[in-house]
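> Before I ask anything, let me first share the structure, which is written out below as structure tokens.
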Amino acid sequence: MTEIFGIMIVGSGRKRPPAGLTTENHPTHMLALKEESRMSILVTGGCGYIGSHTCIELLKAGRDIVVIDNYYNAKPEALRRVKELAGKDFPFYECDIRDEEGLRRVFAAHDIEAVIHFAGLKAVGESVSKPLEYYDNNVGGTVTLCRVMAEAGCKRIVFSSSATVYGMNNPSPLKEDMPTGAVTNPYGRTKYIIEEILKDVCVSDPAWTAVLLRYFNPIGAHESGRIGEDPNGIPNNLMPYISQVAIGKLPQLAIHGDDYDTHDGTGVRDYIHVVDLADGHLKAVDYAMTHTGAEAFNLGTGRGYSVLDLVKAFESANGVPVPHVIGPRRAGDIATCYSDPSKAERVLGWKAKRGVEDMCRDSWRWQSQNPKGYDE
Ligand code: NAD
Ligand code: UDP
């Protein structure tokens, strides 16, 4: 057991499989440590890539937060740096969202007005080989979380959904009222199922609010270079791959196909700066305070960039070469995916501010200042 931020963190923080809490890391001793009168926002998965950036923005906006994470895909150093950047303390619990008792203790210890729910497994390829782990963790965990929330009288949730729920059949720009569910892998199916579950929960009890945030392709890092994406092993996603090639960790980027029906034949995506995405969560929480029911919003820029566009933008923003070769298509990929973000602007008052140059520059700052991620 270690003490950090004036709050007890239980457990070693080492990476562990996403199983339930053990008695060793159960937040039993937390009750004595709390008692704040202000309402807090509970951030699940708050040590991860998007969660850590969102915690900073919440703290900067003067919100009180409580963070839980099971450290499956995160390191304690991330939250230490969040605290350093925000200059503010907050309670953290090493807790699995499937641990009902652990969650009850967190809700008993704090007045939680809303939950931002990032916790989940997110590797598309892994979800194909381990579907049950994905359904258990993502779907089962969300059901448990909602049950405990309802018991505690907290009925506002902002959920990390994904553009993947639009599936293969809708043309871009993707709009929130297009049909969802034609997903191609278990990860995507968990996002679709959770959206449907949250809609059902809102129908069953009109006091509930579920804001379903459909992220497009988050990249970039905090402008300080202190926090960013720290993938385990060889990255699957484009930007961390580019960054690791640029720093010499990987020899070259393989571009997955150049025969798509796009302006240069390579896949087109809607990349969004992670800090813009984080800001979207603040607007979503504000919305949840004043609305009920389930509502989906795209969080993207509305602009599509090809793989080659992103490689060139990275090279020119940072003055570093990104050696690349053209390889075969990746199974399951679509040619083009970008958002119509106008609903988020109209209803939430949110719009992405940062461009692709900012995204490339900030990704590189994080990578070059932290070549081993949080292990430095
Ligand atoms: P991440 O892996 O960096 O963060 C997720 C965090 O959740 C990690 O810190 C992990 O340790 C924690 N976690 C996982 N299972 C848990 C459990 N059972 N109990 C407690 N904590 C648990 O991922 P991210 O990129 O920050 O993504 C956050 C959310 O956004 C995820 O739900 C992801 O599916 C979704 N999303 C991400 C992207 C993307 O490209 N990064 C795109 C669309 C949606
Ligand atoms: N991509 C690529 N090489 C890589 C990783 C990704 O060419 O090593 C391409 C991929 O085929 C897609 C785009 O980059 O066209 C974005 O891929 P990513 O996995 O980051 O996001 P997603 O496909 O899930 O939107």
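The values are calculated or read from the model by the stated rules, or taken from the named source; none is laboratory data. Note that the coordinates shown come from a computational prediction; the quantities given were computed from them, not determined experimentally. When we count neighbours, we look across all protein chains shown, and the Cβ atoms used for this are built from the backbone with ideal geometry, even at glycine. For accessibility, only protein heavy atoms count, side chains too; no ligands or nucleic acids. Shrake-Rupley method; radii C 1.70, N 1.55, O 1.52, S 1.80 Å.
> Applying the selection to region 272-301, what residues are among the hydroxyl-bearing types (Ser, Thr, Tyr) and either open to solvent by less than 30 Å² (accessible area, probe 1.4 Å) or part of a strand (DSSP E or B) (or both)?
287
> Examine region 240-248 for a residue that is of a type outside the set (D, E, K, R), touching a strand residue (DSSP E or B) at 6+ places or on another chain (Cβ under 9 Å), closer than 21 Å to residue 358 by Cα and within 11 Å of ligand 1 (Cβ to nearest atom), and state whether such a residue exists.
yes
> Mind listing whichever residues of region 214-232 are open to solvent by less than 10 Å² (accessible area, probe 1.4 Å) and either in contact with a Phe, Trp or Tyr (Cβ under 6 Å, 6 or more places away or on another chain) or more than 13 Å from ligand 1 (Cβ to nearest atom) (or both)?
Of everything in region 214-232, those that are open to solvent by less than 10 Å² (accessible area, probe 1.4 Å) and either in contact with a Phe, Trp or Tyr (Cβ under 6 Å, 6 or more places away or on another chain) or more than 13 Å from ligand 1 (Cβ to nearest atom) (or both) turn out to be 219, 221, 225, 228.
> Would you be able to tell me the number of residues in region 346-361 that are part of a helix (DSSP H, G or I) and out of contact with any Ser or Thr (no Cβ under 9 Å at 6 or more places or on another chain)?
Adding up the residues that qualify gives 6.
> Looking at (1) more than 10 Å from ligand 2 (Cβ to nearest atom); (2) assigned to a strand (DSSP E or B), which one does residue 218 not meet, given that it meets all the others?
(1)
> Would you confirm, using the coordinates I've provided, whether residue 254 is hydrophobic (A, V, I, L, M, F, W, C), surrounded by fewer than 22 Cβ atoms within 10 Å (Cβ to Cβ) and over 20 Å from residue 356 (Cα atoms)?
Spelling it out, residue 254 is indeed hydrophobic (A, V, I, L, M, F, W, C), surrounded by fewer than 22 Cβ atoms within 10 Å (Cβ to Cβ) and over 20 Å from residue 356 (Cα atoms).
> Right, here's the next one. Of the residues that sit in region 302-338 and are open to solvent by 40 Å² or more (accessible area, probe 1.4 Å) and of a type in the set (S, T, N, Q), which one is farthest from ligand 2 (Cβ to nearest atom)?
Residue satisfying both the conditions and the ranking: 316.
> If I ask for residues that are away from ligand 2 (no atom under 12 Å from the Cβ) and either assigned to a loop (DSSP other than H, G, I, E, B) or open to solvent by 40 Å² or more (accessible area, probe 1.4 Å) (or both), which ones from region 184-200 would you list?
The answer is 189, 192, 193, 196, 197, 199, 200.
> Filter region 124-169 down to the residues that are open to solvent by less than 30 Å² (accessible area, probe 1.4 Å) and not in a helix (DSSP H, G or I), then identify the one that is farthest from residue 70 (Cα to Cα).
Across region 124-169, the extreme among qualifying residues is 167.
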